[in-house]
1. Considering only segment 111-148, state which residues are in contact with a helix residue (DSSP H, G or I) (Cβ under 8 Å, 6 or more places away or on another chain) and basic (K, R).
2. So in segment 95-106, with the set limited to residues that are in contact (Cβ under 8 Å) with a residue 12 or more places away in the chain and farther than 15 Å from E138 by Cα, which one is surrounded by the fewest Cβ atoms within 10 Å (Cβ to Cβ)?
3. Do any residues in segment 126-148 that are among the basic types (K, R) and part of a strand (DSSP E or B) have Cβ atoms under 8 Å from those of residues that are surrounded by fewer than 14 Cβ atoms within 10 Å (Cβ to Cβ) and at pLDDT 90 or above, where the two are at least six apart or on different chains, and which pairs are they?
4. Would you check if Y81 is hydroxyl-bearing (S, T, Y), within 30 Å of Y122 (Cβ to Cβ) and either outside any loop (DSSP other than H, G, I, E, B) or at pLDDT 80 or above (or both)?
5. Take the residues in segment 42-52 that are assigned to a loop (DSSP other than H, G, I, E, B) and small (G, A, S); name whichever of them is modelled with the lowest pLDDT.
6. Does segment 89-148 hold any residues that are among the polar types (S, T, N, Q) and more than 21 Å from V78 (Cβ to Cβ), and which are they?
7. Could you tell me how many of the residues in segment 90-125 are of a type in the set (D, E, K, R) and assigned to a loop (DSSP other than H, G, I, E, B)?
Amino acid sequence: MTKQKIRAIALGMLLATSIIGAAYYMESGSMTTAKLHEALQKDGMVAIKKAEYQKLKKAAQQNNTTAVSNNPQPPKTVYVYLLTIQKGERSIDFAQKLEEAHIIPDADAFVTYLQTRGLTRYIHAGTYKVHSEMSYEEIANLIAKKHR
């Protein structure tokens, strides 16, 4: 290809781009309020003034606060259990007792907790008072005593 052909192609591309750009900007024009409301109405929306929006938002927040205060939460049930661990009893056995008594949500997770912290060999036989508000750590500290 010669230099003249390349220049002609480049000039043609520049001219075409200019024409397309001019047509785009002339076509889009300015958005009038009527056009905006019509476009929003097609999508099932409505335009309101910012002050009105803020007023509606504040009223909704007050309604939510009132609804929450009128809906007191039911009291949470706390389960209390006397856990008896026999000498030589496996961790999974008393963990299942705790799960059945609704003290812990998952026996396997509790056993895994004890194993990962190396506490299974420090568990002492005895009777312990536990409740459902206790964490795995609190229960473990109660039943497993490391010798110092």
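The values are calculated or read from the model by the stated rules, or taken from the named source; none is laboratory data. In this text the structure is predicted, and so the values were computed from the model without any measurement. Neighbour counts run over all protein chains shown; Cβ positions are idealised from the backbone, glycine included.
1. Scanning segment 111-148 gives R117, K145, K146.
2. H102
3. Short answer, once both residue conditions are applied: K129/V80; K129/L82.
4. Spelling it out, Y81 is indeed hydroxyl-bearing (S, T, Y), within 30 Å of Y122 (Cβ to Cβ) and either outside any loop (DSSP other than H, G, I, E, B) or at pLDDT 80 or above (or both).
5. Only one residue fits best here, namely A47.
6. Within segment 89-148, S91, T112, Q115, T116, T120 qualify.
7. Residues in segment 90-125 being of a type in the set (D, E, K, R) and assigned to a loop (DSSP other than H, G, I, E, B): 3 in total.
Matching residues to (1) at pLDDT 85 or above; (2) under 19 Å from A144 (Cβ atoms):
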residue	(1), (2)
Y24	no, no
S28	no, no
A34	no, no
L40	no, no
K55	yes, no
A59	yes, no
P75	no, no
G88	yes, yes
I123	yes, yes
